[in-house]
1. So if I take the centroid of the Cα atoms in the range 108-147 and the same for the range 191-214, what is the distance between those two points in Å?
2. Among 62, 5, 33, what is the fewest-to-most ranking by other Cβ atoms within 10 Å?
3. Work out the FRET efficiency for residue 91 and residue 194 from their Cβ-Cβ distance, taking R0 = 22 Å, and round it to the nearest 0.05.
4. What's the exposure ranking of 120, 50, going from fewest to most Cβ atoms within 10 Å?
5. In nm, what is the difference between 0.36 nm times the number of residues separating residue 38 and residue 62 and their Cα-Cα distance?
6. Kindly give the semi-axes, whole Å and largest first, of the ellipsoid equivalent to the range 81-237, taking each as the square root of 5 times a Cα gyration tensor eigenvalue.
7. Could you list 63, 140, 29 so that the one with the fewest beta carbons within 10 Å of its beta carbon is first and the one with the most is last?
8. Could you check the simple spin-label distance between residue 28 and residue 183, using points 7 Å along Cα→Cβ, in nm with one decimal?
């Protein structure tokens, strides 16, 4: 799964240069260190030339119906459709057409994942060892509200975890290999078989590293450079097996307070 990520570049011109952008319609951008579902993020599209835009994280299919609430122009889906599983992306109605015609790359500085340690979850920041941007594969759509507003949104494609990621989560984002970027962003419709080299990629995680970060990242309201700073993970509270039951319970409660 990939539900939070970082794009720390101060200027999107860096992205335009790195990915050969022809059209830049991204607008104003500030670095973000805790991008969450429904937030805007830079996305590289394939229509009809390579373009850079800001889209909402969480795909809204073009055919999505609005909520039944009177006056509402919001779709029924969106925030919940942040990830598309590579194993089923070519068959799911929400993603099938997008995979064929509207593929994209989400260039991230890194992403967060939560590892279960005992009874708690420790947030980790995963990023490239060389500090370069990671080109995550994605699909995107346009959805029109009742008022005629056009909303562009995307989902990140995920695969089974590999390498050290297996100890963190059973899923991880699917990266687009450098030599396959042109294929993924080709504006011509592609079949699942034509994209097999990317969709069935079994690349490892040797180029990635992970370190514990503050639990401040748990709140989407926090968005600052300090969120990706390494921290020493808190030790799991241990009960004294030789203490009286009431005393052991008191100590455990005291440690949590």
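Nothing in this text is a laboratory measurement; each read-out follows from the coordinates by a stated rule. Just so it is clear, the structure is predicted and the values come from calculations on it, not from any experiment. Neighbour counts are summed over all protein chains in view; Cβ atoms, including those assigned to glycine, are modelled from backbone coordinates with ideal geometry.
1. The range 108-147 and the range 191-214 have Cα centres spaced 13 Å from each other.
2. 62, 33, 5
3. Taking R0 as 22 Å, the efficiency between residue 91 and residue 194 is 0.85.
4. Values: 120 14, 50 21.
Ordered by Cβ neighbours within 10 Å, fewest first: 120, 50.
5. Numbers: separation 24, 0.36 × 24 = 8.64 nm, distance 1.61 nm.
My answer for the length gained is 7.0 nm.
6. Numbers: eigenvalues 181, 76, 42 Å².
Three semi-axes, in Å: 30, 20, 15.
7. 63, 29, 140
8. With each label point 7 Å from Cα toward Cβ, the separation is 4.1 nm.
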